[in-house]
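Enquirer: One structure follows; several queries about it will come next.
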Amino acid sequence: RGEIVGYLGPNGAGKTTTIKILTSLVKPTSGTAFVNGFDVKREPMEALKHLGALIEVPGMYDYLTPDEMLRYFGRVCKMERSLLEKRIDEVLDRVSLRDWKRKRVGGFSTGMLRRLAIAKAMLHEPEVLILDEPVLGLDPQGIRDIRELIGELSRGGMTIFLSSHLLSEVSATCNRAIFIDDGRIL
């Protein structure tokens with residue numbers, strides 16, 4: 001709980017595949033995977049309740065506002081309306097996008113889109129947050145902002161699983177690291 005674990009490996013090592021298995025987007029061909037003690041193959045819905053994820057480059061509808069997008073996602077997660085209203089403001093504050101709540105995302109920078117994707121992943125207050133290349137395409141200030149946010153979430157008790165192929169990013173952000181190559185933990 002509260003740990004930031006880096007998941008490192010070269011391109012094609014299996015990082016994103018592992019994440020897709022943990023998030024039930026891909027079924028494993030063998031082995032087991034657990035999120036908070038729930039087997040993702042046998043109990044995928046229970047595992048997903050504890051998990052938030054930013055996987056690869058997030059798709060966003062240009063015509064939606066952050067408020068609309070988060071409201072829709074909250075309904076998909078079956079969040080109560082009163083809790084959803086509160087959480088939308090909280091997560092937009094956490095990612096410094098509250099002033100952009102009602103602006104169309106089509107005009108957002110790469111950094112803003114990344115922060116919005118992280119807000120979406122945090123909306124339902126997961127215990128575990130999976131971030132696949134969270135600083136991809138960001139400028140130095142955007143990288144600092146995301147690192148600071150990850151640290152705050154960790155200090156608040158959230159477990160962060162951060163996938164990257166950049167040793168420097170994992171070194172600067174994580175408490176420990178797991179190395180993978182060719183689908184195997186080294």
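The values are calculated or read from the model by the stated rules, or taken from the named source; none is laboratory data. Note that the structure is predicted; figures quoted are calculated from it, not measured. Please note: Cβ atoms are built from the backbone with ideal geometry, for glycine as well, and neighbour counts cover all protein chains shown. Just the protein is used for accessible areas: all its heavy atoms, side chains included, with ligands, DNA and RNA removed. Shrake-Rupley method; radii C 1.70, N 1.55, O 1.52, S 1.80 Å.
Enquirer: Enumerate the calculated ³J(HN,Hα) couplings along segment 164-171 in order (Karplus 6.51 cos²θ - 1.76 cosθ + 1.60, θ = phi - 60°), each rounded to whole Hz, writing x wherever the residue is Gly or Pro.
Expert: Result, ordered by residue: 7, 9, 9, 4, 4, 5, 5, 4 Hz.
Enquirer: Still on this structure, I have one more. Under a Cβ-Cβ cut-off of 14 Å, what is the net charge of the residues other than V135 that fall near it, where Lys and Arg count +1 and Asp and Glu count -1?
Expert: Every neighbour counted, the sum reads -3.
Enquirer: Charges only on Cβ, +1 for Lys and Arg, -1 for Asp and Glu: so what's the dipole of the chain about the Cα centre, in debye to the nearest 20?
Expert: 360
Enquirer: Can you list the HN-Hα couplings for segment 37-49, worked out from phi with the Karplus curve (6.51, -1.76, 1.60; θ = phi - 60°), rounded to whole Hz and with x for Gly and Pro?
Expert: With coefficients 6.51, -1.76 and 1.60, one gets x, 9, 6, 5, 7, 8, 10, x, 5, 5, 5, 5, 4 Hz.
Enquirer: Distance between the C-alpha centers of segment 116-186 and segment 26-91? Whole Å please.
Expert: 16
Enquirer: Size of segment 1-67 along its principal axes in angstrom, Cα-based, largest extent first?
Expert: 41, 31, 28
Enquirer: Right, another one. Carbon-plus-sulfur fraction of the accessible area of segment 7-87, 1.4 Å probe, in percent?
Expert: With neighbouring chains kept in place, the figure for segment 7-87 is 56 percent.
Enquirer: Rolling a 1.4 angstrom probe over the protein heavy atoms, how many square angstrom per residue are accessible across segment 49-157?
Expert: So segment 49-157 comes to 53 Å² accessible per residue, rounded to a whole number.
Enquirer: Separate question: Provide the per-residue ³J(HN,Hα) series for segment 76-92, in order, calculated from phi with Karplus coefficients 6.51, -1.76, 1.60 and θ = phi - 60°, each as a whole number of Hz, with x at glycine and proline positions.
Expert: 4, 7, 6, 7, 5, 4, 5, 5, 4, 4, 5, 5, 4, 5, 4, 6, 5
Enquirer: Where does the chain land at 222 nm, in deg cm²/dmol rounded to the nearest 500, when only DSSP H runs of n ≥ 4 count, each adding -39500 (n - 2.57), divided by all residues?
Expert: Here the helix-only value at 222 nm equals -12000 deg cm²/dmol.
Enquirer: Using the Cα atoms of segment 46-118 to build a convex hull, what is its mean projected area in square nanometres?
Expert: 5.0
Enquirer: For a bin width of 10 Å, list the pair-distance distribution of segment 111-172 built from all Cα-Cα distances, rounded to whole %.
Expert: 21, 61, 18, 0
Enquirer: Then there is this: Let me check I've understood the local charge: for G111, count other residues with C-beta under 9 angstrom from its C-beta, Lys and Arg +1, Asp and Glu -1. What total comes out?
Expert: My count for the surroundings of G111 gives 0.
Enquirer: Using Cα pairs closer than 8 Å and at least 6 residues apart in sequence, work out the relative contact order for the chain, in percent.
Expert: 39
Enquirer: Return one number: the angle in degrees, 0 to 90 and rounded to the nearest 10, between the long axis of the Cα atoms of helix 140-155 and the longest principal axis of the Cα atoms of the chain.
Expert: 80
Enquirer: Give me the percent of the accessible area of segment 111-171 that comes from carbon and sulfur atoms, probe 1.4 Å, all protein chains in place.
Expert: On segment 111-171, the fraction of accessible area on carbon and sulfur atoms equals 54 percent.
Enquirer: So what is Rg over Rh here for the chain, counting just Cα atoms and using Kirkwood for Rh?
Expert: 0.95
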